[in-house]
1. Only one of these conditions is not met by Met324: (1) surrounded by fewer than 24 Cβ atoms within 10 Å (Cβ to Cβ); (2) closer than 30 Å to Arg106 by Cβ; (3) out of contact with any Lys or Arg (no Cβ under 8 Å at 6 or more places or on another chain). Which number is it?
2. Of all residues being open to solvent by 20 Å² or more (accessible area, probe 1.4 Å) and part of a loop (DSSP other than H, G, I, E, B) in the stretch 454-471, which is nearest to Gly340 (Cα to Cα)? Just the residue, please.
3. Among the numbered criteria (1) at pLDDT below 95; (2) over 28 Å from the mean Cα position of the chain (by Cα), which single criterion is violated by Ala436?
4. Hey, can you tell me all the residues within the stretch 381-396 that are crowded, with 24+ Cβ neighbours inside 10 Å and charged (D, E, K, R)?
5. What is the one condition in (1) open to solvent by 80 Å² or more (accessible area, probe 1.4 Å); (2) within 42 Å of the chain's Cα centre (by Cα); (3) among the polar types (S, T, N, Q) that Thr589 does not satisfy?
6. Just checking, which of Ile635, Ile581 is touching a helix residue (DSSP H, G or I) at 6+ places or on another chain (Cβ under 7 Å), buried (at least 21 other Cβ atoms within 10 Å of the Cβ) and of a type in the set (A, V, I, L, M)?
7. For the stretch 250-300, enumerate the residues that are crowded, with 24+ Cβ neighbours inside 10 Å, closer than 30 Å to Val357 by Cα and hydrophobic (A, V, I, L, M, F, W, C).
Amino acid sequence: MKQFGIGQPVRRVEDRRFLTGRGHYLDDIVRPHQTYAAMLRSPHAHARIRSIDAAAASALPGVLVVLTGEDLARDGIGSIPCMTGLVNRDQSPIAMPPYPAIARDRVRHVGDTVAMVVAETVAVARDAAEQIALDYDPLPAVVDAAQALEPGRPTVWDEHPGNLCFDWEVGDRSAVERAAASARHRITLTLVNNRVVVNSMEPRGAIGEYDPGEDSYTLWSSTQGSHFLRNLLAEHVFHVSENRIRVVTPDVGGGFGMKLFLYPEHVLVLWAAKKLGRSVKWIPDRSDAFVTDTQGRDNLTRLDLALDDELRFLALSVELTANMGAHLSNFAPEIPTFSGAVMYGGVYAIPAVHVAVKGVFTNTVPVDAYRGAGRPEAAYAMERLIDFAARRLGVAGDELRRRNFIKPEAMPYTTSLGLPYDSGDFVRNMQDAHAAADAAGFARRRAESRARGRYRGLGQAVYIEQSGFPPDEFAEARFDPSGTLTLLMGSQSSGQGHQTAYSQLAAERLGLPLDKIRVLQGDTDAIGFGRGTGGSRSLPVGGAALAHAADKLVAKGKKIAAHMLEAAEADIAFNDGVFTIAGTDRNVTIDAVARTAFNPSQLPPGLEPGFAESGHFTPPAPTFPNGCHVCEVEIDPETGHIEILHYVVVDDFGVVINPLLLRGQVHGGIAQGVGQAMLERTVYDPESGQLLSGNLTDYAIPHADTLPALEFSYNVVPCRTNPLGVKGAGEAGAIGAPPALVNAVVDALGELGIDHLDMPLTPERLWRAICAATMRKAA
């Protein structure tokens with residue numbers, strides 16, 4: 001096993017610059033002749049714009065320009081596109097209203113952009129924005145997705161009455177109905193998957209620049225996919241060729257899906273830069289992020305599970321209502337459908353599944369992918385349903401799961417919704433997690449808690465998700481004449497440790513020390529192609545592309561080494577950075593081969609100078625990471641406060657590249673999942689549409705003392721659908737944590753007759769539930 005290769009817990013090489021304050025984030029960038037932008041946002045959730053008077057704002061010293069939706073339309077700037085291929089169940093097109101970067105006649109959520117000010121300083125730009133006089137005609141708003149479908153509710157888009165964006169389905173409805181009709185048991189559960197605000201540590205931002213000599217644009221932004229933004233800006237917004245737009249992404253302080261998308265501000269800083277002939281910088285504050293960053297989740301789900309006499313699952317019917325917000329973000333309709341709905345069924349052998357999804361417009365901030373993107377919603381619904389069913393049927397939750405797990409010997413297994421699970425041992429994960437959590441000793445611990453007047457519960461969740469899915473990803477491995485290596489990767493790190501993981505892959509494949517490897521990401525002028533980071537694709541797809549490029553380098557290196565050693569190419573072996581004539585001690589190192597590769601006179605005839613190769617990899621199918629979370633909690637009935645006493649997770653991520661990075665990803669995901677489950681509450685006023693939880697004073701996120709020390713281990717069941725055997729890991733913690741925690745709380749309060757509670761399980765909500773249940777029991 002190589003010192004820095006696959007499987008080694010190498011500390012992150014990028015942390016040196018982060019810990020010493022040498023990270024290079026967007027706000028650190030200052031361009032020549034830079035100006036500053038401020039956006040004027042709508043204070044109304046729904047209103048007509050009667051008039052805009054920018055005279056006072058324009059007259060302020062230092063103000064360069066005030067731009068409105070009329071200016072945007074006059075210049076022919078295109079709308080932000082929705083890239084979905086989704087169609088309705090009857091194959092008709094879904095509703096896709098325009099999404100201009102500045103609202104022109106009507107605003108549709110609090111935070112909609114109504115004007116842009118560019119000035120010499122941030123302070124002047126913000127002061128000027130406050131001087132713009134707008135005359136609004138407020139309109140009724142609707143913020144709840146289920147209510148938005150009711151007759152007589154306010155209409156977000158006049159051309160789409162009823163607020164229905166799409167009506168989609170997957171699975172065999174008839175087969176489900178037949179199986180349910182003959183079932184011995186029917187269990188129905190309706191639950192809420194609450195909306196969350198992403199709150200990345202570094203907010204979004206953008207710097208735009210225009211070069212009139214080259215007729216080209218440059219955008220600096222903290223994104224998850226530079227090439228993706230370039231394509232959308234070129235094709236849909238500015239209508240220019242892609243080589244006229246450069247997108248540069250510096251270090252990124254967290255993204256979680258939210259930073260993958262094209263936002264109005266990306267368009268506006270570039271547009272303004274061209275109009276002014278100077279660079280334009282926009283950096284938001286936290287309150288701005290609350291009403292402009294895409295938000296996550298926000299589903300209402302009804303599940304109907306049919307079982308036979310032996311409690312085997314026969315069929316599952318799901319009806320899902322998904323809030324899209326006021327505008328369609330780039331992938332919003334795909335999240336509850338192609339990404340999430342197909343995961344219903346989870347780790348269970350269910351012969352028939354049907355999922356119907358309705359996407360709904362509301363006067364709220366647009367929704368799109370958030371860590372897990374549809375898969376956490378499906379896993380939460382499934383694992384709550386299983387625990388709910390077990391309680392109703394009088395059987396232990398682990399026993400009901402065990403009876404219905406897909407067996408390891410059934411792999412590869414195609415689910416009734418068409419997903420090809422290639423590998424997995426769900427019983428093993430659950431058994432290992434139960435053993436680590438000392439589930440056998442839980443009854444004793446529960447009795448001890450009750451003696452102190454507390455309620456103790458043990459919850460579990462067994463999840464599976466799809467990640468590392470198509471399409472392709474790109475990587476280039478490029479040696480320079482000194483023998484050092486640069487990796488140019490099409491994905492983008494936002495704090496996960498890509499620089500370390502990719503360097504380890506190269507070290508494993510090419511036998512180089514880490515200090516001879518450099519990783520470049522996030523510059524469309526330097527890197528030929530890339531899909532960006534999302535869906536835990538970086539290692540399963542990007543890493544596989546890198547492995548392919550490295551293998552091509554080795555193949556070319558063998559030709560050069562054979563010429564250098566005066567041997568036949570077929571006799572050359574490569575191992576740990578050394579090319580050797582098989583059966584001898586004659587060899588040359590890879591850096592010597594690299595140096596030789598740049599000297600045409602020393603190369604074999606017909607071989608092109610240089611030592612660089614690129615690789616693409618298109619996975620034939622997604623990977624399916626899976627695992628089991630076990631959470632033990634104690635609840636104080638007098639306050640409703642939850643204390644997480646013990647948290648255990650056993651995962652299967654296939655081959656593990658770096659256990660240290662993996663642990664960090666799982667820990668971070670669990671923190672976000674726990675945050676959604678018991679803290680994070682996005683509240684819109686039902687009458688005005690105002691976001692009441694619009695800052696970190698009113699919106700709770702996890703702190704260091706929210707979680708105990710997490711106990712993490714993994715089982716290695718290699719993936720069969722990529723050459724590395726790896727499965728994505730970045731989203732898994734956020735998928736397993738919400739159902740594990742909610743199941744634990746419901747288990748704790750089961751003796752009070754409580755069998756379901758919706759997230760978030762805030763102290764107030766729990767206290768009220770406990771009081772109500774206690775009164776019912778007393779009556």
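The values are calculated or read from the model by the stated rules, or taken from the named source; none is laboratory data. Since the model is a prediction, treat every value here as computed from it, not as a measurement. Here the Cβ is made from the backbone with ideal geometry for all residues, glycine too, and neighbour counts use every protein chain on show. Ligands, DNA and RNA are excluded from the accessible area calculation, which covers all protein heavy atoms including side chains. Shrake-Rupley method; radii C 1.70, N 1.55, O 1.52, S 1.80 Å.
1. (1)
2. Across the stretch 454-471, the extreme among qualifying residues is Phe469.
3. Just one mismatch for Ala436, condition (1).
4. Glu383, Arg384, Asp387
5. Of (1) open to solvent by 80 Å² or more (accessible area, probe 1.4 Å); (2) within 42 Å of the chain's Cα centre (by Cα); (3) among the polar types (S, T, N, Q), only one is false for Thr589: (1).
6. Values: Ile581 fails: buried (at least 21 other Cβ atoms within 10 Å of the Cβ).
The conditions single out Ile635.
7. Phe256, Met258, Leu260, Phe261, Leu262, Phe290
Each row is one residue, and each column tells you yes or no for (1) among the acidic types (Asp, Glu); (2) in contact with a Gly (Cβ under 6 Å, 6 or more places away or on another chain); (3) touching a residue at least 12 places away in the same chain (Cβ under 8 Å); (4) over 30 Å from Glu150 (Cβ atoms).
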residue	(1), (2), (3), (4)
Ala352	no, no, yes, yes
Ala356	no, no, yes, no
Val360	no, no, yes, no
Asn363	no, yes, yes, no
Ala369	no, yes, yes, no
Gly372	no, no, yes, no
Glu377	yes, yes, yes, no
Arg384	no, no, yes, no
